[in-house]
Amino acid sequence: MLNTRKAAVAGAFYPADINDLRSMIDALLEAAGSEGDPPKALIVPHAGYVYSGPIAATAYARLKPQRHTIKRVVLLGPAHRVPVSGLATSSADYFETPLGKIPCDREAINAITDLSGVGISDAAHHDEHSLEVHLPFLQRLFDDFKLVALVVGDADPALVGEVLEQLWGGPETLIVISSDLSHFYDYNTAQRLDGATANAIETLRYEDIGYEDACGRNPVNGLLYYARRHGRHIATLDLRNSGDTSGDKHRVVGYGAFVMEHTNPNSRYTASDGQTLIEVAKQSIKHGLETGQPSKIDLGQFPKH
C-alpha cells in the first residue's frame, strides 16, 4: 500500500515554499470576501493559482465559518494523465502538500470500493493536478479533516451520483467538484460558451454539458444528477476566464465558481419548522397515551407558507 501521495505540481501550479503558499492563499481568500451562507458543495476550477485562484477563492471564502465543522472533504476531479474507467481512489493513507499531510478517510474509501465502477489506481492519482491544487486551500481553511479523493474517468452521472449518495454525510462533510470550463477559445467566444454552461449548471441540465464545455464534465454532471434527484439548488458565484486574470485574451480557459447550499432555498419549511413538528408529534403522542383523546393543535405555531 502506498503510504503517502506526494505533491506533484507544487512549484508549478502553486508555490512550493510554505510561506509563499500560505501568503498567496490567505490573500486570495481575503480578496474574495466571505458573504453568504456556507455551502454544502462546490464546483471550483483547478488551473494554476495565478489563473484560476481568484475564482476558486470566491467559493472557498464562503467556508470560513466552517473551520471547526468540516471533518471530511470528498474531492472529485477529472482524469488528465491516466485513462480511468469509472472512479479511482488511492491506496494512500495521506495526501501531502507543502503545508503538510492530510489523512485519508480509509473507512469511507473502503465502503465505496464495494460499488461497481469504483476502484483503486495510484497511477491515476500520481501526477493528477485536478485534485491536488485544491488541497492547500482546504488546509488553510480547516483545522482537522480527512480526505476522500476520487479521480473520475469514464463515468456516467448516475454512477457519480451513487458515489455522492454514499458519501454525502451531514454538516461535517464538504463535497468539492473540480472542473475548468471551455478551453482555448478567444475571449468573447469563451464568455458565450461558459455563460451557457453556467446556465446549464444552475438549471441542473447535465445532459447539455459536454467535454468541450467543462473538462470536469463527468464529476460536475454527477453532482447535477444528485441535485436534480434531491431537489437541490446550485448558484453561480463567479464566472471569468484566464483573459480576466492573466490579461491574454487570444486563447483563454474558462473558470467558474458554483455553490450548493445545505438546504434548498425554495423549500417551504426550515429546520426550525421541522423541529416544531417533531415537538408537536411528541406532545400529541403523550397526550393520547395519558388521556385516550386526540390533542388540540394550535395552528398558530406553524409557518403560514
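The values are calculated or read from the model by the stated rules, or taken from the named source; none is laboratory data. None of these values were measured; they are calculated from a predicted model. Reconstructed Cβ throughout: ideal geometry from the backbone, glycine too, with neighbour counts over all protein chains shown. Note: accessible area is taken over every heavy atom of the protein model, side chains too, but ligands, DNA and RNA are not part of it. Shrake-Rupley method; radii C 1.70, N 1.55, O 1.52, S 1.80 Å.
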> Only one of these conditions is not met by R140: (1) closer than 18 Å to G48 by Cβ; (2) surrounded by 17 or more Cβ atoms within 10 Å (Cβ to Cβ); (3) out of contact with any helix residue (DSSP H, G or I) (no Cβ under 6 Å at 6 or more places or on another chain). Which number is it?
Replying inline: (3)
>> Just to be sure I understand the filter: pairs with C-beta atoms under 8 Å, separated by 6 or more residues or on different chains, first member in segment 50-71 and surrounded by 24 or more Cβ atoms within 10 Å (Cβ to Cβ), second member of a type in the set (K, R). Which pairs pass?
In response: I55/R240
>> I need the full set of residues from segment 192-202 which are buried (at least 17 other Cβ atoms within 10 Å of the Cβ) and either modelled with pLDDT under 95 or out of contact with any helix residue (DSSP H, G or I) (no Cβ under 9 Å at 6 or more places or on another chain) (or both), in order please.
In response: L193, D194, A198
> Within segment 10-31, how many residues are among the charged types (D, E, K, R) and either on the phi > 0 side of the Ramachandran plot or open to solvent by less than 80 Å² (accessible area, probe 1.4 Å) (or both)?
Replying inline: 2
>> Exactly one of these conditions fails for S90: (1) open to solvent by less than 40 Å² (accessible area, probe 1.4 Å); (2) more than 20 Å from the chain's Cα centre (by Cα). Give me its number.
In response: (2)
>> Considering only segment 122-129, I want to know if a residue exists there that is crowded, with 24+ Cβ neighbours inside 10 Å and touching a residue at least 60 places away in the same chain (Cβ under 8 Å).
In response: yes
> If G36 passes every condition in (1) open to solvent by 40 Å² or more (accessible area, probe 1.4 Å); (2) over 25 Å from A257 (Cβ atoms); (3) touching a strand residue (DSSP E or B) at 6+ places or on another chain (Cβ under 9 Å) but one, which one does it miss?
Replying inline: (2)
> From T189, T173, T203, T197, which residue is among the polar types (S, T, N, Q) and under 25 Å from I70 (Cβ atoms)?
Replying inline: T173
